[in-house]
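The values are calculated or read from the model by the stated rules, or taken from the named source; none is laboratory data. Note that this is a predicted model, so its numbers are computed, not measured. Virtual Cβ from ideal backbone geometry, glycine too; neighbours counted across all protein chains shown. Note: accessible area is taken over every heavy atom of the protein model, side chains too, but ligands, DNA and RNA are not part of it. Shrake-Rupley method; radii C 1.70, N 1.55, O 1.52, S 1.80 Å.
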Amino acid sequence: MRLALFDLDNTLLGGDSDHAWGDFLCRRGILDRVAYKARNDAFYQDYLAGRLDIRAYLDFSLEILGRTEMARLDQWHREFMAECIEPIVLPRAEALLAEHRAAGDRLVIITATNRFVTAPIARRLGVEHLLATECEMAGGRYTGRTTDVPCFREGKVTRLARWLGETGLTLEGSAFYSDSMNDLPLLERVTHPVAVDPDPALRAEADRRGWRVISLRHAGPPATGA
């Protein structure tokens, strides 16, 4: 069975779910509309520039989970899905998932965004297997801290290697779809790396290496690398 691996934010989605979650909480007045949003935006720019301090970001973004009851978090997330995620689910991404599903491939979303935010999104997309940054729990609620290796940059390779060991699967014939230069460590390890609406750095790297380049946002035939 071949693996079809997918980044989530700005790949299967036409936006970033992690950043959108922070914005959603700010719009609702749950988090500070000025100070929190400014820091959230700054972290996002660091991510886009390839200089994100993932530990500092997780300390910042997961704190709200640690001080909020599960029932309230779940209610917020249902509203977040309807308001923020449904509008950025890409029909071409759903078609791509369906294509791999019909081919008998094992679908996996592998994302740096935490499991609280992404598990309902993976379910919405019909993808059973999710590798995400983990949120620590104790006593039936979140602590506001992360646990395990963050599923980010080289951490994606580490987490995937462990999952492969647990499942007995391999990367032979595998594909990985991503928009971000942050995912270069994993793109280099799969059989078929695919740049999806890539950032400028990844686009340049894909062109240099002859990797396939596609768009899930725009109509028309997918573009391919040289």
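Numbers below:
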{"quantity": "Simple label model, 7 Å out from Cα along Cβ direction - Met70 to Arg124, nm", "calculated": "2.2"}
{"quantity": "Calculated diffusion of the range 55-111, Stokes-Einstein form, Kirkwood radius summed over Cα pairs, 37 °C and 0.692 mPa s, µm²/s", "calculated": "229"}
{"quantity": "Distance in nm between pseudo-label sites at Arg101 and Arg33 (7 Å out along the Cβ direction from Cα)", "calculated": "4.0"}
{"quantity": "Accessible area expressed per residue, the chain, with surrounding protein chains retained (probe 1.4 Å, Å²)", "calculated": "46"}
{"quantity": "Over the range 144-226, equivalent-ellipsoid semi-axes from the Cα gyration tensor in Å", "calculated": "25, 15, 11"}
{"quantity": "Over the range 1-127, relative contact order from alpha-carbon pairs under 8 Å, at least 6 apart, %", "calculated": "48"}
{"quantity": "Percentage relative contact order, the range 134-181, counting C-alpha pairs under 8 Å, at least six apart", "calculated": "19"}
{"quantity": "Additional length obtainable on full extension of the chain from Glu63 to Met137, 0.36 nm per residue less Cα span", "calculated": "25.4 nm"}
{"quantity": "Shape box of the range 134-187 [Cα atoms, principal axes, largest first, Å]", "calculated": "42, 28, 14"}
{"quantity": "Added length on full extension, which subtracts the Cα-Cα distance from 0.36 nm per residue, Glu166 to Glu86", "calculated": "25.5 nm"}
{"quantity": "Kirkwood estimate for the chain, i.e. one over the average of 1/r between Cα atoms, Å", "calculated": "18.0"}
{"quantity": "Over the range 1-132: Kirkwood hydrodynamic radius from C-alpha pairwise inverse distances, Å", "calculated": "15.6"}
{"quantity": "For peptides 3-15, 64-76, sequence by mean Cβ density within 10 Å, most packed first", "calculated": "3-15, 64-76"}
{"quantity": "Theoretical ellipticity at 222 nm over the chain - DSSP helices of four or more residues, -39500 (n - 2.57) apiece, nearest 500", "calculated": "-12500 deg cm²/dmol"}
{"quantity": "Accessible area of the chain belonging to carbon and sulfur atoms, whole % at 1.4 Å probe", "calculated": "51"}
{"quantity": "Charge dipole (debye, nearest 20) of the range 104-226; +1 at Cβ of Lys and Arg, -1 at Cβ of Asp and Glu", "calculated": "200"}
{"quantity": "Length-normalised contact order of the chain in % [C-alpha pairs under 8 Å, at least 6 apart]", "calculated": "23"}
{"quantity": "Unit charges on C-beta of K, R, D, E only; dipole of the range 1-106, Debye", "calculated": "60"}
{"quantity": "Inter-centroid distance (Cα atoms) of the range 60-92 relative to the range 153-199, Å", "calculated": "26"}
